[in-house]
Amino acid sequence: MDITITRPAVKWMKEELNIESGDSVRFYVRYGGSPQLYPGFSMGIALDSPEKPAVSTEEEGLTFFVEDADSWYLRAHNLHVSFSRKHDTIIFEYNESSDAE
């Protein structure tokens, strides 16, 4: 399980979430929203500090992470976050992980 984020997605988050170097962004599982991997659940984002991260990455001085409690959602996938110019928002993509158990 890995997280990758494109530069345009990082730029969008900096502007939309008003975040700066040193801040942390949590990707978490929420009930509802547009189903992505599992019916009834979707990925959300929040400003938060890591407590028990299952996976994290740093881009442009920001930490992006998924807590261990939410790792079930990605279990055999990598999370790729990109930016859609057409929709002016970030897009979550889930690619099968080569190191899945």
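Of note:
- Residue check for Tyr31: surrounded by fewer than 12 Cβ atoms within 10 Å (Cβ to Cβ), in contact with a helix residue (DSSP H, G or I) (Cβ under 9 Å, 6 or more places away or on another chain) and not aliphatic (A, V, I, L, M): no
- Selection from the range 37-56 of residues that are polar (S, T, N, Q), in a strand (DSSP E or B) and either more than 10 Å from the chain's Cα centre (by Cα) or loosely packed, with under 10 Cβ neighbours inside 10 Å (or both): Ser42
- Scanning the range 57-89 for residues that are more than 24 Å from Pro8 (Cα to Cα), surrounded by 15 or more Cβ atoms within 10 Å (Cβ to Cβ) and among the acidic types (Asp, Glu) turns up just one, Asp70.
- Only one entry in Val66, Val25, Val10 is within 12 Å of the chain's Cα centre (by Cα), at pLDDT 95 or above and part of a helix (DSSP H, G or I), namely Val10.
The values are calculated or read from the model by the stated rules, or taken from the named source; none is laboratory data. Just so it is clear, the structure is predicted and the values come from calculations on it, not from any experiment. Cβ atoms come from the backbone with ideal geometry, glycine included; neighbour counts cover every protein chain shown.
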